[in-house]
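Structure record follows, encoded as C-alpha cells.
The values are calculated or read from the model by the stated rules, or taken from the named source; none is laboratory data. None of these values were measured; they are calculated from a predicted model. Neighbour counts are summed over all protein chains in view; Cβ atoms, including those assigned to glycine, are modelled from backbone coordinates with ideal geometry.
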Amino acid sequence: MNTIKKYPISTGCKQTIELPLNARIIKCGRDHLDMPCLWASISTTALTEKRTLLTYKTDEPLIDRLEYIGSYRRWSGLSHVFFVSK
C-alpha cells in the first residue's frame, strides 16, 4: 500500500533518518506544531534504508554530492535541507 508519511527532522546540521526505499519527498516544511518535517510518498511494504540529511543556513558553504530536498523558515532565517547523495 502507498501512503504519505511525516518524518520529523532536527534543526541541527546533520542527522540520519530511515526511509523506505524509493520514498519520494513531497514537502519540507513545518507542521501544525511548528516542528520541521519531511513528508514523503512511500510504500508501506518497502524495505528501508538510512539516509543522511544535512541542514544549512543561507550563506553557509556546501559540500559536494548533495540532493536538495527543500527549505523551511526558522527564527534566525531559512534552513535548507539536503540528502547526501549515494
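Considering only segment 16-30, I want to know if a residue exists there that is free of Cβ contacts under 8 Å to residues at least 24 places away in the same chain and either more than 18 Å from Ser79 (Cα to Cα) or loosely packed, with under 11 Cβ neighbours inside 10 Å (or both). Talk me through it step by step, then tell me what you get.
Initial filter on segment 16-30 (free of Cβ contacts under 8 Å to residues at least 24 places away in the same chain): 23-24, 26.
Checking the rest, the ones that are also either more than 18 Å from Ser79 (Cα to Cα) or loosely packed, with under 11 Cβ neighbours inside 10 Å (or both) come to 23-24.
Yes, segment 16-30 contains at least one residue that is free of Cβ contacts under 8 Å to residues at least 24 places away in the same chain and either more than 18 Å from Ser79 (Cα to Cα) or loosely packed, with under 11 Cβ neighbours inside 10 Å (or both).
Just to verify a result, which residue in segment 23-73, among those that are part of a loop (DSSP other than H, G, I, E, B) and under 14 Å from the mean Cα position of the chain (by Cα), is farthest from Val84 (Cα to Cα)? First the steps, then the outcome.
Keep residues of segment 23-73 that are part of a loop (DSSP other than H, G, I, E, B), which gives 23, 31-35, 44-47, 58-65.
Keeping just the survivors that are under 14 Å from the mean Cα position of the chain (by Cα) gives 23, 31, 35.
Details: Ala23: 15, Asp31: 24, Met35: 22 Å.
Step by step, filter segment 23-73, then rank; the result is Asp31.
If only one of Ile9, Ile69, Ile4, Ile42 is surrounded by 10 or more Cβ atoms within 10 Å (Cβ to Cβ) and touching a residue at least 60 places away in the same chain (Cβ under 8 Å), which one is it?
Values: Ile69 fails: touching a residue at least 60 places away in the same chain (Cβ under 8 Å); Ile4 fails: touching a residue at least 60 places away in the same chain (Cβ under 8 Å); Ile42 fails: touching a residue at least 60 places away in the same chain (Cβ under 8 Å).
That would be Ile9, the only listed residue that is surrounded by 10 or more Cβ atoms within 10 Å (Cβ to Cβ) and touching a residue at least 60 places away in the same chain (Cβ under 8 Å).
Return the residue satisfying two criteria in turn: it lies in segment 74-83 and is assigned to a strand (DSSP E or B) and of a type in the set (A, V, I, L, M, F, W, C), and of such residues it is nearest to Ser10 (Cα to Cα).
Among residues in segment 74-83 that are assigned to a strand (DSSP E or B) and of a type in the set (A, V, I, L, M, F, W, C), the one nearest to Ser10 (Cα to Cα) is Val81.
All but one of (1) surrounded by fewer than 10 Cβ atoms within 10 Å (Cβ to Cβ); (2) touching a residue at least 40 places away in the same chain (Cβ under 8 Å) hold for Leu53; which doesn't?
(1)
Could you go through segment 3-15 and let me know if any residue there is among the hydrophobic types (A, V, I, L, M, F, W, C), over 15 Å from Val84 (Cβ atoms), at pLDDT below 95 and in contact with a strand residue (DSSP E or B) (Cβ under 7 Å, 6 or more places away or on another chain). It would help to see each step written out before you state the result.
Pass one, segment 3-15, residues among the hydrophobic types (A, V, I, L, M, F, W, C): 4, 9, 13.
Imposing the further condition that a residue be over 15 Å from Val84 (Cβ atoms) reduces the set to 4.
Filter once more, keeping what is at pLDDT below 95: none.
Among the residues of segment 3-15, not one is among the hydrophobic types (A, V, I, L, M, F, W, C), over 15 Å from Val84 (Cβ atoms), at pLDDT below 95 and in contact with a strand residue (DSSP E or B) (Cβ under 7 Å, 6 or more places away or on another chain), which makes the answer no.
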